[in-house]
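Working notes for the structure below.
The values are calculated or read from the model by the stated rules, or taken from the named source; none is laboratory data. None of these values were measured; they are calculated from a predicted model. All Cβ positions, glycine included, derive from the backbone under ideal geometry; neighbour counts span all protein chains shown. Quick note on the areas: whole protein, heavy atoms, side chains included, nothing else; ligands and nucleic acids left out. Shrake-Rupley method; radii C 1.70, N 1.55, O 1.52, S 1.80 Å.
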Amino acid sequence: MTAVQWRIVLAVGLGLAAALGNVLGGLFVVRRNWSRRYLSYFLALGAGFMLAASLIDVLPEAIRLLGNDALFLVLVGYFIVHFFEHTVSGHFHFGEETHAEEMRMRHVAASALVGLAIHTFFDGVAIASGFLVSNWLGMVLFLAIVLHKVPEGFTISSVVLAGGGSRGSAMYGAVILGAATVFGVLLTGLLHSAVRFTLPISAGVTLYVAASDLIPEVNRESGPAVSILVFLGVALLFGLHKLFGI
């Protein structure tokens, strides 16, 4: 097995692990034993780590692979998620049901599922792209992504239930998100020669999720705990750099 093939296998394994986070989030909703306050802690830690990873690790590697042209693809990645979240999918928040009137319409749940599936597909693209560059970058992106996987699963299951869906349908929604992540990993692995293009797109997606999805959700929470966790997320990345001498 070549080094590239080994990295792809590792990316698939960790992609499956990340996908299980979506399923776990769905289980927490179906069993109704998960406090949304704890979700905000996941989001805050993930926001800080993800924002730092996109700027400190992913973006420099993307520029190294493609030069300044990578910055254009970073914008493409950023606006791909923006487009799907604000046109294809309805308005939704991580870990929070939307208004009752909206939730009576099943198409809201369907559109939210489409939007989040696009999002989680690029989670998989990011993980695989990272591993195709180096094991370090792949692990950093995996950690950044896995921290918000449970809230993603929690969100889609909550929306499906609030839209009148069954518990089985709620779990099915979480499984679809996980499957989209694995598909993103597999597709990127098959197209591994295109990593110089997929990595900057992943950088843009990662930046969008951190700055436009997660940070606003953190800002909605009261108290200093979530804000401190954002800084801890950033510190965690720098701590890993220091620990491994990278």
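A 1.4 Å probe over all protein chains sorts Ser166, Ser193, Ser157, Ser212 by accessible area into Ser193, Ser166, Ser212, Ser157, starting with the largest. Considering segment 126-174 at the alpha-carbon level, its Rg and Dmax are found to be 15.0, 44 Å. Selection among Pro200, Leu137, Gly233 by position relative to the dipole of segment 118-246 gives Leu137 as farthest towards the positive end (Cβ unit charges, Cα centre).
Going by accessible surface with a 1.4 Å probe and the largest first, Tyr208, Tyr78 read Tyr78, Tyr208. Placing dummy labels 7 Å off each Cα toward the beta-carbon, the span from Ala211 to Ala194 is 2.5 nm.
When nucleic acids and ligands are ignored and a 1.4 Å probe is applied, Trp136 ends up with an accessible area of around 50 Å².
Phi angles across segment 165-179 convert, under the Karplus curve 6.51 cos²θ - 1.76 cosθ + 1.60 with θ = phi - 60°, into 3J(HN,Hα) values of x, 7, 5, x, 5, 4, 5, 4, x, 5, 5, 4, 4, x, 5 Hz, Gly and Pro given as x. Per-residue Karplus couplings for segment 196-201, computed as 6.51 cos²θ - 1.76 cosθ + 1.60 with θ equal to phi - 60°, are listed in order as 5, 9, 6, 5, x, 4 Hz, Gly and Pro entered as x.
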